[in-house]
């Protein structure tokens, strides 16, 4: 149970000493990029399962219906809005924040045509669960690198520090809030959305715990 009660991002021998570090160790950057690549791949697996979008995409779709702007444009504005929320939370950006946007988008763009689009409902569900676990573990990898989280993960860690709640609980609360707003605005949800919303928090905690244990060996 203590896996799901983690309240901070662990530090390892390859973690950067601070997020705003413009000369990190090559190993730290390599591990960061691996984590971001796996994150994008996990997101792609959820998309190709075709049983519901991730919560932040539901929000973008809902805002698109309300404003007439495209989902892509609104995803960009949502990211900017989330970064503005970092200010009162005293979060710090870094190389990882920038690479988060670039690498994850590139991996999703490249991988979508090559990933399975299952027809069987049970396989779709398994693919969503696996994709959610992959996103969670990958989040643990790149967060421990400590080169700056992505916009949404920075919001998660900032809210955790302010509230003192376990990371798993904070992430679930954020995802459910985003889904609720997006759905109210007309965004579409599915079983995949629900699985991601309630599974991503524990998955991130599992990733953080596993990577910290492995790094100590």
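The values are calculated or read from the model by the stated rules, or taken from the named source; none is laboratory data. None of the values given here were measured: they were computed from a predicted structure. Cβ: placed from backbone, ideal geometry, glycine included. Neighbour counts: every protein chain shown.
All conditions but one from (1) assigned to a helix (DSSP H, G or I); (2) buried (at least 22 other Cβ atoms within 10 Å of the Cβ); (3) at pLDDT below 90 apply to residue 138; the one that does not is (3).
For region 100-134, a tally of residues being farther than 13 Å from residue 47 by Cα, without any contact (Cβ under 8 Å) to a residue 40 or more places away in the chain and under 18 Å from the mean Cα position of the chain (by Cα) returns 1. Considering region 67-89, the residues that are loosely packed, with under 13 Cβ neighbours inside 10 Å and at pLDDT 85 or above include one that is farthest from residue 160 (Cα to Cα), namely 68. (1) closer than 21 Å to residue 199 by Cβ; (2) assigned to a helix (DSSP H, G or I); (3) modelled with pLDDT of 85 or more; (4) over 15 Å from the mean Cα position of the chain (by Cα): which one isn't true of residue 51, the others all being true? Looking at each condition in turn, residue 51 falls short on (2). One residue alone among 181, 189, 125 is outside any helix (DSSP H, G or I) and within 19 Å of residue 53 (Cα to Cα), and that residue is 189. Of the residues screened, residue 37 is not one that is on the phi < 0 side of the Ramachandran plot and surrounded by 21 or more Cβ atoms within 10 Å (Cβ to Cβ).
Can you name the residue in region 143-152 that is within 11 Å of the chain's Cα centre (by Cα) and buried (at least 24 other Cβ atoms within 10 Å of the Cβ) and, of all such residues, is farthest from residue 89 (Cα to Cα)? By that ranking, first place goes to 143. Scanning region 160-169 for residues that are surrounded by fewer than 20 Cβ atoms within 10 Å (Cβ to Cβ) and assigned to a helix (DSSP H, G or I) yields a total of 4. Answer yes if at least one residue in region 113-121 is assigned to a helix (DSSP H, G or I), surrounded by fewer than 23 Cβ atoms within 10 Å (Cβ to Cβ) and touching a helix residue (DSSP H, G or I) at 6+ places or on another chain (Cβ under 7 Å), and no otherwise. Within region 113-121, none of the residues are assigned to a helix (DSSP H, G or I), surrounded by fewer than 23 Cβ atoms within 10 Å (Cβ to Cβ) and touching a helix residue (DSSP H, G or I) at 6+ places or on another chain (Cβ under 7 Å). Assess whether residue 84 counts as being under 21 Å from residue 56 (Cβ atoms) and touching a residue at least 12 places away in the same chain (Cβ under 8 Å). So residue 84 fails the test.
Name every residue in region 159-176 that is farther than 17 Å from residue 10 by Cβ and within 15 Å of the chain's Cα centre (by Cα), in order of residue number. Scanning region 159-176 gives 159, 169, 172, 173, 174, 175, 176.
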